[in-house]
Amino acid sequence: MTAGGTNESKAEFVRKVLWNMGLITLGSLISAMAVNGILIPHRFVSGGLTGLALVIHYAAPSVPVSGLYFLLNMPLFVLGWKFIGRRFLLYSIAGLAIYSGALQWLQVSITIHDPLPSALLAGIIGGIGAGIILRSLGSAGSTDILSVILLNRLSIRLGTTTLAFNAGVLILAAVFWSLEAVLYTLIYLYVASHMLNLVVTGLSQRKAVLVISPHWEEIARRVLGQVHRGVTIFRGQGAFTGQEEQIVYSVITFRELARIKRMIRQVDPDAFVGVSDTLEVMGHRIGNQPHW
């Protein structure tokens with residue numbers, strides 16, 4: 001490798017590290033705002049280890065949330081060392097330190113007296129923060145590590161794992177705090193889980209498109225030539241007519257969907273079109289799996 005190539009690769013490596021650390025830092029600051037600005041003043045609970053740290057903090061106010069959160073994460077990082085890539089884990093260690101520091105030193109005041117809008121806003125802020133962190137190559141610890149393990153192993157969505165894990169924390173909180181506070185916390189967690197999925201997948205979600213039309217060749221040609229997406233042709237047969245059909249199948253991005261539908265209507269207004277969401281897509285150019 002030439003010296004120029006070596007310098008370029010080093011510069012690219014530094015750029016990627018700075019970008020990912022920037023995402024982790026920004027997400028940690030936003031998440032800490034939700035905790036310190038809304039959850040603690042309203043005595044709401046959070047999910048995962050942050051929620052457990054809050055429960056302990058409410059019972060023993062002299063114990064800081066940041067220190068509790070840091071200590072509670074240690075077993076999960078041991079688990080992560082076995083099941084998760086070293087790069088993700090190293091970024092997550094940095095994320096844990098940044099998020100713990102943000103919990104300790106970022107003190108903000110978000111004045112909303114009504115608990116319902118407070119829970120909704122906390123969910124929006126917290127979900128965006130967690131999603132930004134997971135857009136990086138790391139996490140801030142807690143259920144993020146468990147979520148990534150289950151996503152990689154069992155294809156369980158990040159927000160689904162978070163919401164399920166949080167049920168245990170809510171049950172624990174219900175024993176020590178009012179049921180009303182727990183219900184508001186559930187609203188917060190529900191909104192946060194949806195915001196997390198939106199930020200992590202968002203407009204990068206892939207759509208699977210099935211088209212049945214006598215003009216299937218022209219439709220396939222346009223998808224290949226104009227949208228530049230791969231096409232697979234399946235042979236099918238109508239159950240009622242017994243007529244053989246050619247089925248056009250393609251996986252596209254969310255932003256390409258309107259263009260594809262418009263193009264199909266131009267070729268064949270009577271075409272049968274089925275569009276469905278995809279959970280994950282692996283493959284060259286069209287894949288949308290996070291690089292954990």
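The values are calculated or read from the model by the stated rules, or taken from the named source; none is laboratory data. Computed from a prediction, not measured in an experiment: that's the story for all the values here. Because the Cβ atoms are built from the backbone with ideal geometry, glycine has one as well, and the counts that use them run over all protein chains shown.
Conditions (1) among the polar types (S, T, N, Q); (2) closer than 17 Å to Tyr99 by Cβ; (3) in contact with an Asp or Glu (Cβ under 7 Å, 6 or more places away or on another chain); (4) surrounded by fewer than 24 Cβ atoms within 10 Å (Cβ to Cβ), marked per residue:
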site	(1), (2), (3), (4)
Pro115	no, no, no, yes
Ser118	yes, no, no, yes
Gly138	no, yes, no, no
Thr143	yes, yes, no, no
Arg153	no, no, no, yes
Thr161	yes, no, no, yes
Gly168	no, no, no, yes
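From (1) crowded, with 16+ Cβ neighbours inside 10 Å; (2) assigned to a loop (DSSP other than H, G, I, E, B), pick out the condition that doesn't hold for Phe240.
(1)
Say we look at region 243-279 and pick out the residues that are in contact with a Leu (Cβ under 8 Å, 6 or more places away or on another chain) and at pLDDT below 85; which of these is surrounded by the most Cβ atoms within 10 Å (Cβ to Cβ)?
Residue satisfying both the conditions and the ranking: Thr253.
Considering only residues that are within 21 Å of His57 (Cα to Cα) and either among the polar types (S, T, N, Q) or not in a helix (DSSP H, G or I) (or both), which ones fall in region 103-125?
Once the filter is applied, which keeps residues that are within 21 Å of His57 (Cα to Cα) and either among the polar types (S, T, N, Q) or not in a helix (DSSP H, G or I) (or both), region 103-125 yields Gln104, Leu106, Gln107, Val108, Ser109, Ile110, Ser118.
Can you pull out every residue in region 98-109 that is within 15 Å of Ile38 (Cβ to Cβ) and either in contact with a strand residue (DSSP E or B) (Cβ under 8 Å, 6 or more places away or on another chain) or crowded, with 16+ Cβ neighbours inside 10 Å (or both)?
Of everything in region 98-109, those that are within 15 Å of Ile38 (Cβ to Cβ) and either in contact with a strand residue (DSSP E or B) (Cβ under 8 Å, 6 or more places away or on another chain) or crowded, with 16+ Cβ neighbours inside 10 Å (or both) turn out to be Ala102, Leu103, Leu106.
Loosely packed, with under 15 Cβ neighbours inside 10 Å, assigned to a loop (DSSP other than H, G, I, E, B), out of contact with any Gly (no Cβ under 6 Å at 6 or more places or on another chain) and touching a residue at least 24 places away in the same chain (Cβ under 8 Å), is that true of Ser62?
Against the criterion (loosely packed, with under 15 Cβ neighbours inside 10 Å, assigned to a loop (DSSP other than H, G, I, E, B), out of contact with any Gly (no Cβ under 6 Å at 6 or more places or on another chain) and touching a residue at least 24 places away in the same chain (Cβ under 8 Å)), Ser62 does not qualify.
When you go through Ser31, Ser100 one by one, which is the residue that is of a type in the set (Gly, Ala, Ser), touching a Gly at 6+ places or on another chain (Cβ under 6 Å) and assigned to a helix (DSSP H, G or I)?
Ser31
Of all residues in region 171-193, how many are modelled with pLDDT of 75 or more and surrounded by 17 or more Cβ atoms within 10 Å (Cβ to Cβ)? Break it down stepwise before answering.
Step one: list which residues in region 171-193 are modelled with pLDDT of 75 or more, which gives 171-175, 179-193.
Adding the requirement that they be surrounded by 17 or more Cβ atoms within 10 Å (Cβ to Cβ) leaves 173, 181-182, 184-193.
Qualifying residue count, region 171-193: 13.
What number of residues within region 198-237 are in contact (Cβ under 8 Å) with a residue 60 or more places away in the chain, among the hydrophobic types (A, V, I, L, M, F, W, C) and not in a strand (DSSP E or B)?
Final tally of qualifying residues: 3.
Residues Gly236, Gly242: which one is on the phi > 0 side of the Ramachandran plot and not assigned by TED's automatic domain parsing to the domain that holds Ile156?
Working: Gly236 fails: on the phi > 0 side of the Ramachandran plot.
The conditions single out Gly242.
Quick check on this structure: which one of Gly37, Gly80, Gly67, Gly101 is in the same structural domain as Val191 (by TED's automatic domain parsing), within 21 Å of Met195 (Cβ to Cβ) and small (Gly, Ala, Ser)? Even if it seems obvious, please write down each step before you answer.
On the way: Gly80 fails: within 21 Å of Met195 (Cβ to Cβ); Gly67 fails: within 21 Å of Met195 (Cβ to Cβ); Gly101 fails: within 21 Å of Met195 (Cβ to Cβ).
The conditions single out Gly37.
What are the residues in region 126-174 that are outside any loop (DSSP other than H, G, I, E, B), of a type outside the set (A, V, I, L, M) and over 16 Å from Leu189 (Cβ atoms), if any? Outline the logic, then answer.
The initial filter retains those residues of region 126-174 that are outside any loop (DSSP other than H, G, I, E, B), namely 126-134, 143-154, 158-174.
With the extra rule that they be of a type outside the set (A, V, I, L, M), the set shrinks to 126-127, 129, 131, 143-144, 147, 152-153, 159-162, 165-166, 168.
Result: Asn152, Arg153.
Would you check if Ser109 is within 26 Å of Tyr99 (Cα to Cα) and in contact (Cβ under 8 Å) with a residue 40 or more places away in the chain?
yes
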